[in-house]
Structure formats: structure tokens, C-alpha cells
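The values are calculated or read from the model by the stated rules, or taken from the named source; none is laboratory data. Owing to the predicted nature of the structure, the values given are computational and were not obtained by experimental measurement. Neighbour counts are summed over all protein chains in view; Cβ atoms, including those assigned to glycine, are modelled from backbone coordinates with ideal geometry. Side chains are part of the model used for accessible areas, which takes the heavy atoms of the whole protein and leaves out ligands, DNA and RNA. Shrake-Rupley method; radii C 1.70, N 1.55, O 1.52, S 1.80 Å.
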Amino acid sequence: MGPAVPPPAETRPRVELRACAYPELHIDGQPAPLKLKRGLALLVYLSERSHKAARGQLAELLWPDAEPDIGRTRLRRLCHEVNELLGLDLLAGDADALWLAGGALQPGSDLASLRADALQLLTDAAQAPAPAALARLCAPEAAGLLEGFELPSDSFMAWRDSRRAEHQRLLQRALAAAAARCQEHGEPARAAEAAAALIRLDPLADAGHAALLAARAQLGDAAGVEAAYFACADLLRAELGIRPSAQIEAAYARAQRQLAATPGARLAPAETAAPVFFADGEDGTLAYLRLGEPQARCGTLFVLFGLWSHVEIAWEHAGIRALLQRLAQRFQVVVMDRRGIGLSERLAVPQASSAGVRDLDAVRRALGVERAWLFANSVGGAIAIEYASAHPERVQGLMLYGAHARGAWADDYPWALRPEQMAAWLVQLQSAWGLATSLERFAPSLAGDEAARHWWARMLRQATSRNSLPAILRAFAGIDVRARLGTLQVPTLVLQREADRIVRAGVARYLAAHIPQAELCLLPGEDHLLWAGDTGAVLDALEGFVERHADGAAEHDGVSPKAH
């Protein structure tokens, strides 16, 4: 096998070797028919070298248990098979060495492109990273050199691990520089993206967490700052049994000072009275919180929480206050307790989702709002779906977070609880009444937080009573809005944390598949409660959705779209 003669430039195929995940070879944009694991390993190894590789060394790398002569024979046969399968003289060599053919066949490697982006960012200290380069560096697969690829060779696997570690160290330096550079240039959203990628790459290092706190503060995102700090603290406690370092505590303190100096981002003091109002419903009064201005630039947003709620207790939770205040910068925000729950009427009132629809409309009428956005979590999602189906003219858009379409298991809806599971949950709730029951499932990230457990137990006690639990769970089991999904005519966003322990990700995919033109956004995390985990990512998705659809909603109202 002698040196390859390059074909004319106009006939040269474009060869790309993708090795960030399981390796693939693409020729002119199409996957090449190369399934030979050792062939792929050979191409990746040679692409990572800047010089020729000795045949004996390669044979020992790929067939460590074979005799030298047998290994070299197998290597020669492998080179022939790879070139034959590809229809290209991609592998070239002489009696002693192998290399990738030059000239016409210069494989473009995704790893090489990533490293070029990283080095450009590290050497050009004056500029913020280009959007496309930052997106490549932040992609989840960027750090996974040969992810999922195994070969029965300790030597090859040791080489892979060494190269991966070297590659990840470069990415860490680049992402840290990107986060700092984006902040310097007044681009906190991009800084937060780089910081989140840095945390994924090295969750236990301080740099990513400190950068995320700084970026969230620059965004004026009080809820995001709280979520980032407590996510870091929970991780360090669970993994290492330690508290956040002095660097993280200092970054958190700086973020809080910046938020305190930012109009609209300040956390409400705990002693501030909850802005609670009451509306007349068909079965008694309905309690609701109202924040923001009636003429807010993005209109009115109803936030519908799940199985239990208590608007006054909710206001006492710093994380909930922060997320509501962030939303109130764009919307008039309304949070309500449906009948039978919290501060709303409790005396022998029906709990069906249709009753929740009537409650929602009663509060809407009391506020004098013609149309509103609906942001609904868990059981609130079923109410929002039914309302949007029955009254599409009153709904600007629908955002479903961790929402249900049906409360009980069915053959064609396997994600809900079976009757025996529902009965066991009722026994658990009643036998442990007064305690922080089920918090480890609703918010695993907060299960070890004593303050969070105290608040959750108090909210449950105030939201309902022990003897009301059977009626609440019966009503929950009776929810079924699947027939409504196909009738929805409003813009819809389906949000879900992928490892949610209460509502599994299959539900989100089901909703998105059955609601016309729905957008699906699956986020990392396992918390079901909106205010636990990375709240900022949820609100980012919600606000982006509203920005994309606000103009259309305004045109539907017959008014000029507002510039956002």
C-alpha cells in the first residue's frame, strides 16, 4: 500500500470523522458503511496523531494478545477492508508505518474543530466567543471523546482515557474563559450557558458554580441564583459530605449584593405581607396572589400549582417569591388556590378539573382580564388543558410543566398510579400527617434540607386537612383530559424534567405528540416541584416561548404587537 495520489480538487470527497460520541465516518455528509470497531479505532487513533504510526505499535494496540506477525497480518487486512468498504484510499502506508492519506482525503474531525474553537477563545482575550463556537463547546456531547466505545485492549482504552482527560481539561479552561468573557461583554445569558456546561463537565469544581451564580445575578434572576447555590450545596453534601467552599460562598454573597442593587430583582423580605385577594366563585371565595401591573408588557399570566397549594404559605418561601417576582417583570402574575385547597372555600366543594376551570374563570372575570397565558404544574395542567380547550378565545398560550393528562393508570396511559398504588399513597399521607411526607419524591434535591422539610410539612398541613385527603385523591384519580388534547388551538409548550419522580418524561412526550403543534422541552433534573432544582432553566424556556408567540397573540387581539 503506497502513498495515495490525491484526485482533482473538484472531485475530492469531504471526509468527516466524528469521535465526540460513538465514532462515525461521514463522506460528503452521509454516514459511511463502516461498522468495523477496530477500523474506527484505527482511524480515530491516526487522526489524533500528527505523524505516522509504526505498524507494530498499531498491531499491539488493536490486538494486544496476538503474536506480532499475526497482529501485523490482521492490521494489513483491516486497512484493505476499510479502504474497500469506503471506496477510498483513506489509509496509506509503507512497510513500516501507516497514516491517513493526505491531499484529497483530509478527514475533518469534530474533536479537531472543538479544540480549534477552544484555543481560539483562549488566545483571543479581547472578544466574546462567537455564538456558533460557544454552542459547539457547550454541547453535551462535546466532552465525550469516544463515549460508549469499547475495545478489548487495555492499551487502547488507556490511550482513549488519557486523550479524553486532556480534551476535557482544555474544554474546562475554554468554558471558564467563555463565561468570564461573556459577562465582561454584557452577555449574561451566554455566560450562564457556558457555566452550566462547565458544571456538567466537572460538577464538583468551584469554577462552574461560581460562574453560574455571577451570570444569574447579572441577569437579575433571583430565583436562578437561589437555585444555583442550593443545587451546588446539595451536590457537595451528597457527594463529599462538605459545605460549599469559601469561593462559592463569596460568589453567592456577591450575587445577592448585585441583586439587591438591581431594580426588579430584589428578593421580597420574608415579613412582607402576601398580596392576597379574594374572588367570588360559584361555591364560595377563591384566594389568589396578584403581582405586577395590569398593563404589563406581556399581559397576564396565571400560575396554576399542583395537588396542594396555599398562596400565603407559598409567599413565605424565598424561592417561590423570587420566581414570581421574576415573572412579574414581564407579566401581571396571578397565583390561585382552587376550591377546597389553601385559603379558598373548603366546605364540601367538588374537586373535579371542570370545577377548577370554573374557578379559574371566576378569578379572570374578577380581574377584568380578557385573555391570559396559563402556566400550569401537575394537576393544574389538567385544569389548564380543559380551560384552553373550552375557552380558546381567552387563552394566549399554554405552558405545561410536569403536567398530567390523566390521574389514574390505563392500558394506553401507563405513567399514572394504579389503584393499589394510589391507596398505598393515601395510607402513607394519612399515617404521617403533619410531616414532610413525599418530599423526597416531589423534590429529591431538597429531601435532606431541614428548612425545606419544615416548610413542606407546614404547607401540607395548611393546604388541606387529613380527612380531606381521600376526596382530593379520588378527584385526582378521576382526571382524564386526553380527549381535549387534540382540540387545543393555542400555542403550547410542554416542559418536563427528564428524571421527574412524580410525572415521568413519557407523559411530556405523550402530551407533545397529542397536542397540535406543541413544543417539547425536556430539561435535566429530577425535581417535580417548580421551585426546586434549576428553576432558572424552566423560566428561561417559558419566557422564550412567550417571546416567540407574543406577537401572534397580540395580532389575535387586534392590537399592535409590542416590542419586547
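Remarks
- Over the chain, Cα pairs under 8 Å with separation of 6+ residues give a relative contact order of 10 percent.
- Using only the C-alpha atoms, the convex hull of the range 156-211 corresponds to 65 Å³ per residue.
- Cα centroid separation, the range 285-346 to the range 182-252: 28 Å.
- FRET E, pair E166, A238, Förster distance 30 Å, beta-carbon r, rounded to 0.05: 0.55
- Of all beta bridges that DSSP places with both ends in the chain, some 45 percent have antiparallel geometry.
- Rg(Cα)/(2.2 N^0.38 Å) for the range 133-253, N = residue count: 1.17
- Rolling a 1.4 Å probe across all protein chains gives D480 an accessible area of roughly 70 Å².
- Accessible-area order (highest first, 1.4 angstrom probe) of the listed residues D110, D280: D280, D110
- Over the Cα atoms of the range 361-473, the radius of gyration divided by the Kirkwood radius equals 1.03; this is the Rg/Rh ratio.
- Whole-number percent relative contact order across the range 379-426, with pairs defined as alpha carbons under 8 Å at least 6 apart: 30
- On the chain, 52 percent of the accessible area sits on carbon and sulfur atoms, based on a 1.4 Å probe.
- When you count the other C-beta atoms within 10 angstrom of each residue and take the mean per peptide, 80-93, 416-429 line up highest first as 80-93, 416-429.
- Between helix 206-218 and the chain: long-axis angle, C-alpha atoms, 0 to 90°, nearest 10: 50
- Summarising the amide proton neighbourhood of Y401: residues at separation of 5 or more, or on other chains, whose placed amide H is nearer than 5 Å comprise A376, N377, S378, L495.
- Ratio Rg/Rh, restricted to the chain and using Cα atoms, in which Rh is the Kirkwood radius: 1.06
- The value for the range 417-549 of Rg(Cα) / (2.2 N^0.38 Å) is 1.19.
- Ranked order, E184, E193 - accessible area, probe 1.4 Å, largest first: E184, E193
- Among the protein heavy atoms, those of H549 account for about 50 Å² of accessible surface (1.4 Å probe, every chain in place).
- Average accessible area per residue (Å²) across the chain - probe 1.4 Å, nucleic acids and ligands excluded: 44
- Against the chain, whose longest principal axis comes from its Cα atoms, helix 318-327 is set at around 80 degrees.
- Between the residues A451, A142, C298, the greatest Cα displacement towards the positive end of the dipole of the chain, with unit charges on the Cβ of Lys, Arg, Asp and Glu, is found for A451.
- For the chain, size of Cβ-based charge dipole, Lys and Arg +1, Asp and Glu -1, in debye: 520
- Between helix 379-390 and the chain there is an angle of about 80 degrees, using the helix long axis and the longest principal axis of the Cα atoms.
- Accessible area ranking (1.4 Å probe, heavy atoms, ligands and nucleic acids excluded), largest first, for R169, R474, R364, R453: R474, R169, R453, R364.
- Here the Kirkwood formula puts the hydrodynamic radius of the range 274-322 at 12.4 Å, using every distinct Cα pair.
- Site pair M157 and S431 shows an inter-label distance of 4.5 nm when each label is modelled 7 Å from Cα along Cα→Cβ.
- Computed from backbone phi with θ = phi - 60° and the Karplus coefficients 6.51, -1.76 and 1.60, the 3J(HN,Hα) list for the range 408-415 is 10, 4, 8, 3, 9, 8, x, 8 Hz; x is used for glycine and proline.
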